[in-house]
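These notes concern the structure reproduced below.
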Amino acid sequence: MSKVVGPNGVGRRQAMKHLLWGGAGVVWTFAGGVPRSLRVGEEAEAGEMRGFTFGQISDSHIGFKAGAHPSAQDTLVDAVGRMAALKPDFVIHTGDVSHLSTAGQFATAADIMQGVKRDVYYVPGEHDTIGDEGKLFFQRFGRGRGTGGWYSFDAHGVHFVGLVNVVKLTQTGLGWFGPEQLKWLGEDLRHRSASTPIVAFTHMPMWSIYPQWGWGTEDAAPALAALRRFGSVTILNGHIHQVIQKVEGNVTYHTAYSTAFPQPSPGVGPGPGPLQVPADKLKTLLGIRRLDFVADRVSLTDTTLAD
Amino acid sequence: MKRFFRRRPKVSLLAALLVAALCTAALLHNGQAAAAATSAAATKSAVTITNYSFHPATLTVKKGTTVTWVNKDDDVHTIKSLDGPEAFNSPALDSGNQFGFTFHHAGTYHYICSVHPYMHGVIVVR
């Protein structure tokens, strides 16, 4: 692994410290593929031309209700209102739109998501593909044409790739892309210049966060092999309902908040079930993400529904 | 044959149990039925889902037994067979929901939760 040194001479050790403790309210700025953190509100270098902004919403779990938890609908409405206020160019939703893959839950989610007043690019979570391999999900939210639901698009010179790793899970519960999708990804990326910034988004993490809970993707390695030659690769996912970052050379990984309920830290407690928190704490653990691109740099701002 | 229960309130569950008890009592005149009722009573026919696992992980029942899975987790689970003489695949079971399947053929049935495939269970039918 190459030594990671930030633009301000921040060494790898210090960068990793930020990574470990970074979370809500920290902005990650990319400089030549290497992130540095800024406090929220602190501006990126002055004089830079504004690029474009997109948003990420994840794990809305419409239909989820447990214990004293309020409606996942209400918290999504809150999140969507906050996202609309950011006026992003478009929004990505990194899966688990619904809780139980029902047509009604998809319809409710789609109605609420219209509140962002922008195009939304979806990929499914494993809660969206129960029993029908995502048929209902793709009918409503699908963008992949002639594929198993995966697709790509370009925006302002950045290449976006929406990947599906939940339709067939492995027997150990990890995500799986499958050879057909990996072949498609290789072909999709082959003729692009290495200087094209890439954003790949999918539901389950593409790095092994806690495989015992299925928090990883079995065949992420060949996907990363196709992505690694690009100078700036940003991988966005949901699934674990908390913000964690990881850097591997030019590839950075970012998990996202849920808008519905929090989950425990990796491996903490008996299982990955919804974290029970006092009602007044809940919104401090749910949130949305804003991403600002300036040239080939992207900065991420995670804000909670309590901010 | 599949039997599927969704969000049945406790009252009707109690009513169902009462009806089942009355039916069992009514059938006691029939020796064969009484024997079946006795063995059913002696064999656990429920699997509880708690903390992302099936309890008991292996359940042995007599042919003709209906096994009911009860989801006591806050998360959603499913019951999906991997092998065995008959296939079963439940819809999504929300917290508190249950799914029943009647086993008519002897054999060993491995099953998983399709949402969390690391959850494994076995039903042995004799």
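The values are calculated or read from the model by the stated rules, or taken from the named source; none is laboratory data. The model shown is predicted, which means the values in this text are computed figures rather than measured ones. Neighbour counts are summed over all protein chains in view; Cβ atoms, including those assigned to glycine, are modelled from backbone coordinates with ideal geometry. Only protein heavy atoms, including side chains, enter the accessible area calculation; ligands, DNA and RNA are left aside. Shrake-Rupley method; radii C 1.70, N 1.55, O 1.52, S 1.80 Å.
For the reader, a short list of remarks on this structure follows.
- A:ALA306 vs. criteria surrounded by 21 or more Cβ atoms within 10 Å (Cβ to Cβ), in contact with a Ser or Thr (Cβ under 9 Å, 6 or more places away or on another chain) and within 25 Å of A:ILE62 (Cα to Cα): no
- The condition (being over 10 Å from the mean Cα position of the chain (by Cα), surrounded by fewer than 21 Cβ atoms within 10 Å (Cβ to Cβ) and modelled with pLDDT under 95) is satisfied by just one residue among A:GLN212, A:GLN245: A:GLN212.
- Any hit, the stretch A:254-263, residues being within 14 Å of chain B (Cβ to nearest Cβ) and either open to solvent by 10 Å² or more (accessible area, probe 1.4 Å) or touching a Lys or Arg at 6+ places or on another chain (Cβ under 6 Å) (or both): yes
- Selection count where residues are within 17 Å of the chain's Cα centre (by Cα) and assigned to a loop (DSSP other than H, G, I, E, B), scope the stretch A:119-141: 4
- Consider the stretch A:174-207 and keep the residues that are in contact (Cβ under 8 Å) with a residue 24 or more places away in the chain and of a type in the set (S, T, N, Q). The one that is surrounded by the fewest Cβ atoms within 10 Å (Cβ to Cβ) is A:SER195.
- Test result for B:THR38, among the polar types (S, T, N, Q) and at pLDDT 95 or above: no
- Scan of the stretch B:71-114 for residues that are among the aliphatic types (A, V, I, L, M) and within 14 Å of chain A (Cβ to nearest Cβ), ordered by number: B:VAL76, B:ILE79, B:LEU82, B:ALA87, B:ALA92, B:LEU93, B:ILE112
- Single unsatisfied condition, A:LYS65 versus (1) assigned to a helix (DSSP H, G or I); (2) touching a helix residue (DSSP H, G or I) at 6+ places or on another chain (Cβ under 8 Å); (3) of a type outside the set (Gly, Ala, Ser); (4) open to solvent by 10 Å² or more (accessible area, probe 1.4 Å): (1)
- Within the option set A:ASP78, A:ASP74, being under 17 Å from A:TYR257 (Cβ atoms), free of Cβ contacts under 8 Å to residues at least 12 places away in the same chain, away from chain B (no Cβ under 14 Å) and open to solvent by 10 Å² or more (accessible area, probe 1.4 Å) holds for one residue only, A:ASP74.
- Meets criteria (over 15 Å from the mean Cα position of the chain (by Cα), at pLDDT 50 or above, surrounded by 12 or more Cβ atoms within 10 Å (Cβ to Cβ) and of a type in the set (Asp, Glu)) for B:ASP83: no
- Flag if A:ILE240 is crowded, with 24+ Cβ neighbours inside 10 Å, among the aliphatic types (A, V, I, L, M), in contact with a Phe, Trp or Tyr (Cβ under 9 Å, 6 or more places away or on another chain) and within 14 Å of another protein chain (Cβ to nearest Cβ): yes
- Extreme residue, nearest to A:ASP280 (Cα to Cα), among residues of the stretch A:82-107 that are in a helix (DSSP H, G or I) and either at pLDDT below 95 or open to solvent by 40 Å² or more (accessible area, probe 1.4 Å) (or both): A:ARG82
- Answer residue from the stretch A:146-164, given it is farther than 17 Å from A:PHE177 by Cα and open to solvent by 60 Å² or more (accessible area, probe 1.4 Å) and is modelled with the highest pLDDT among those: A:ASP154
- Condition met for A:ALA221 (open to solvent by less than 70 Å² (accessible area, probe 1.4 Å), free of Cβ contacts under 8 Å to residues at least 24 places away in the same chain and touching a helix residue (DSSP H, G or I) at 6+ places or on another chain (Cβ under 9 Å)): no
- Counted residues, the stretch B:115-126 - those being in a loop (DSSP other than H, G, I, E, B), within 10 Å of chain A (Cβ to nearest Cβ) and farther than 12 Å from B:ASP73 by Cβ: 2
- Test: residue in the stretch A:172-195 that is closer than 19 Å to B:SER114 by Cβ and modelled with pLDDT under 95: yes
- Scanning the stretch A:270-298 for residues that are within 17 Å of the chain's Cα centre (by Cα) and open to solvent by less than 20 Å² (accessible area, probe 1.4 Å) gives A:LEU286, A:GLY287, A:ILE288, A:ARG289, A:LEU291, A:PHE293, A:VAL298.
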